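Working notes, structure below.
The values are calculated or read from the model by the stated rules, or taken from the named source; none is laboratory data. Nothing here was measured: the structure is a model prediction, and the numbers come from that model. With ideal geometry, Cβ positions are generated from the backbone for all residues, glycine too; neighbour counts draw on all protein chains shown.
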Amino acid sequence: MEIAQFLNSALVQTSPLLLCALATLVTSRANMLNVAVEGMALTAAFAAIAVGQTTGSSAMALTGALAASTGMALLFGGVAIGLGADFIVAGLGLNILADGGTLFLLEEVYQDPGGLRPDHFPDLWRVPDGALSFLPVIGGALERQSAITLAALVAVPVMALFLYRTPLGYALRAVGEDEAAAAANGVRAARVKMLSVLLSGVLSGLAGAQLAMDRLHFFLPAMTSGRGFIGLAAALFGAAEPWPTAGAAFVFGLFGALGDRLQAFQAPSEFVLMAPYVAALLALTVARWRAVRRARAAPVSEGGR
Amino acid sequence: MRPLVLPPRLAAAVSLLGPAVAVLVGGFVLVLAISDDPLLAYKDLLFANFYSVANFALFVNRTTPLLFIGLSVILSFRAGVFNVGGEGQLYLGAIAATAAGLACARAPQPLGLIAAAAAGAVVGAIYGFIPGQLKVKLGVNEVVSTLMLNFVAMLLTQYLVTHPLRDPTAYGAVSFMLAPSVWLPEIPCLPGATDGALIALALAPLVWLALYRTTWGADLRAAGANPRFAEAVGIDADRRVLEAMALSGAVAGLAGALYVLGIGHRFEQNFSPGFGLIGLTVALLARLNPFGAILTAAFYALVLNGAAYMQIDTDVPRSLVGLLTGFLVLFMTARGRAAAAPA
């Protein structure tokens, strides 16, 4: 029971990270380093609360969140792929835009730069209490989880299937390995890249919606507080493979939970919170070190640029 | 649709001015739409910095770190390194200068100040050297490494400022106050404005000279533009890249150090409103030209501070600047056509 309880709260913590990690992964596989997950998730969190407040429907709130983040992804992809802007600079710009734009709307529309706290907010569909009691441990971990958390868990095998078992997934990875060669084989590279950015937007949107809608039911400026980048760290640590990335996201989520615990005891939590970034950097370094040792000239550089 | 063919110089200018002008016009229309007094809003945004000496001093102080970081970005980008680690180097430089300044409180007058500034620069240089070394030796993507190192640096300073360096009598996470003996003096005829601004202004032509009037700079730019060509003609490209990254880190570290020594007089965890990112914007808007960076840094400081005055006097929120900056950075590098990514 104790373990189930712990897993349950760990899952709540992990699911936004997992979704952010998958959002980074899907563009990484098309050879684009996506630093804009943070901003897309933040926009979605804002849209979720704003739409949920006015409509009183959680389905509408989720739809609004996904529409907002996909719109941001469309803007991002349009500028970076369509107009040939630098992917990193445009991504950083999108984050600034999300930060400034949500704050601007808070001040201009809601007259409260501190945040958006509806009195009543519709709850998401959840796994009913006791519905899975026939399953030991896992049942307890999954009960009361939101629909988005379940979607996040399902997204991992779906992502693996998509990348390795569908023509589009092949095309996406081909573009990531060598865009010119893929194009020569009839893959419409720009379209495939755009699609991966849009997918990234949907996944970031789920992350932002989960963050705002699952427990908190409010929006705060910059409330994603670096989760997009922890997701990036997880995708890097997991070498942009779905299962290892999901594992990394889960471990990093635990680090986050541990950091919160430590803070309550006045112990320095900073070093625990540092762990994802250090781990990602070490993993990249070791991977590159092995690659350099194995072959003198690596034909395709890792990581997106 | 065929792309317009422009002379390269003109095309370069258009590609930069285009987004900037579009964003300004868009911002003007937006202010027109939401404000009862759009003229006052724009007047404040652009001119309130010059209403009083105190306002002007704040403007100078705001320009200083932006110019430093802009120059730091120029040094690394010219060497072909996409260094987004300015924020982390800034924070570590600031905390190192704080620690050194607290330790040297009783040192003779200029020595403590020099030691503290040097500590910031050295720590920044080391923090720039690490991603440089990882890139040169192993080919680790510098965007990723500098991004990750930013978070590590900020968590590290957060630990230092909430534990060993924390001033328990002050509210919030701030360090002990530095002794006035290590403060960087103000500009003599401009009370409130830090001398760091003069150092930054002096640094810009130095960076230009180093990049464009020395063999070292020519080699560095060659290494940045085409490392294989540079190696083929006998330039030690790896070495130039490492030097550029260390220097870039040192300048960013110095920015943090001089901020603490000249403006803050103590370390505060959230002292930077994203100087790293804005510095990157400043450098790119200046087309990586050190002299241009003076103008773009000043322009950005003007708008950032002007927005605060605008918020006080009118109904336009200052987050308008964040919104417009987002659009500007998003479109800044757009070239109208899909093309190969720049170095």
Could you give me the residue pairs with C-beta distances under 9 Å whose first residue belongs to the range B:23-43 and is among the basic types (Lys, Arg), whose second residue is assigned to a helix (DSSP H, G or I) and at pLDDT 85 or above wherever it lies, and which are 6+ apart or on separate chains?
-> B:Lys43/B:Met310; B:Lys43/B:Asp313
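Okay, residues lined up against (1) closer than 18 Å to A:Val202 by Cα; (2) more than 13 Å from the chain's Cα centre (by Cα):
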| residue | (1), (2) |
| --- | --- |
| A:Phe6 | no, yes |
| A:Pro16 | yes, no |
| A:Thr24 | yes, no |
| A:Ala36 | yes, no |
| A:Ser58 | yes, yes |
| A:Ala61 | yes, yes |
| A:Met72 | yes, yes |
| A:Gly82 | no, yes |
Name the residue, out of A:Leu150, A:Leu103, that is under 30 Å from B:Gly274 (Cα atoms), in a helix (DSSP H, G or I) and modelled with pLDDT under 95.
-> A:Leu103
Name the residues in the range A:217-243 that are closer than 22 Å to B:Val144 by Cα, buried (at least 16 other Cβ atoms within 10 Å of the Cβ) and away from chain B (no Cβ under 14 Å), would you?
-> A:Glu241, A:Pro242
In the range A:181-216, residue surrounded by the most Cβ atoms within 10 Å (Cβ to Cβ) [restricted to those that are within 14 Å of chain B (Cβ to nearest Cβ) and outside any loop (DSSP other than H, G, I, E, B)] | A:Val197
Residue satisfying condition, being within 15 Å of B:Val140 (Cα to Cα) and either at pLDDT 90 or above or not in a loop (DSSP other than H, G, I, E, B) (or both), within set A:Ala275, A:Ala257, A:Ala287, A:Ala297 | A:Ala287
Regarding B:Val174, is this residue in contact with a strand residue (DSSP E or B) (Cβ under 6 Å, 6 or more places away or on another chain), surrounded by fewer than 24 Cβ atoms within 10 Å (Cβ to Cβ) and more than 8 Å from every other protein chain (Cβ to nearest Cβ)?
-> yes
For the range B:114-141, which residues satisfy the criterion of being touching a helix residue (DSSP H, G or I) at 6+ places or on another chain (Cβ under 6 Å) and within 14 Å of another protein chain (Cβ to nearest Cβ)?
-> B:Tyr127, B:Pro131, B:Gly132, B:Leu134, B:Lys135, B:Val136, B:Leu138, B:Gly139, B:Val140
How many residues of the range B:180-196 are outside any loop (DSSP other than H, G, I, E, B), buried (at least 21 other Cβ atoms within 10 Å of the Cβ) and not hydroxyl-bearing (Ser, Thr, Tyr)? The answer is 2
Under 6 Å between Cβ atoms, at least 6 apart or on separate chains: pull out the pairs that start in the range A:161-177 with a residue that is loosely packed, with under 14 Cβ neighbours inside 10 Å and end on any residue that is in a helix (DSSP H, G or I) and of a type outside the set (Val, Ile, Thr).
-> none
Filtered residues of the range A:258-270 (kept if within 22 Å of A:Gly228 (Cβ to Cβ) and facing chain B (nearest Cβ under 7 Å)) | A:Glu270
Residue satisfying condition, being modelled with pLDDT of 90 or more, closer than 23 Å to A:Asp86 by Cβ and within 14 Å of chain A (Cβ to nearest Cβ), within set B:Gly292, B:Gly279, B:Gly249 | B:Gly279
Failed condition for A:Ala155, given (1) more than 23 Å from A:Leu19 (Cβ to Cβ); (2) of a type outside the set (Ser, Thr, Tyr); (3) surrounded by 17 or more Cβ atoms within 10 Å (Cβ to Cβ) | (1)
Can you find a residue in the range B:92-106 that is buried (at least 24 other Cβ atoms within 10 Å of the Cβ), within 13 Å of chain A (Cβ to nearest Cβ), in contact with a helix residue (DSSP H, G or I) (Cβ under 8 Å, 6 or more places away or on another chain) and touching a residue at least 24 places away in the same chain (Cβ under 8 Å)?
-> yes
Answer with yes or no whether A:Ala80 is touching a Ser or Thr at 6+ places or on another chain (Cβ under 8 Å) and farther than 20 Å from A:Thr55 by Cα.
-> no
Flagged in the range A:66-119 as of a type in the set (Phe, Trp, Tyr) and facing chain B (nearest Cβ under 8 Å), in numbering order, are A:Phe76, A:Phe87, A:Phe104
Considering the range B:295-316, residues that are buried (at least 22 other Cβ atoms within 10 Å of the Cβ) and under 12 Å from the mean Cα position of the chain (by Cα), and then whichever is nearest to B:Phe56 (Cα to Cα), we arrive at B:Ala301
Restricting the search to the range B:259-290, which residues are of a type in the set (Ser, Thr, Tyr) and not in a helix (DSSP H, G or I)?
-> B:Ser272
Flag for A:Leu132 being modelled with pLDDT under 90, surrounded by fewer than 22 Cβ atoms within 10 Å (Cβ to Cβ) and either farther than 30 Å from B:Val144 by Cα or of a type in the set (S, T, N, Q) (or both) = yes
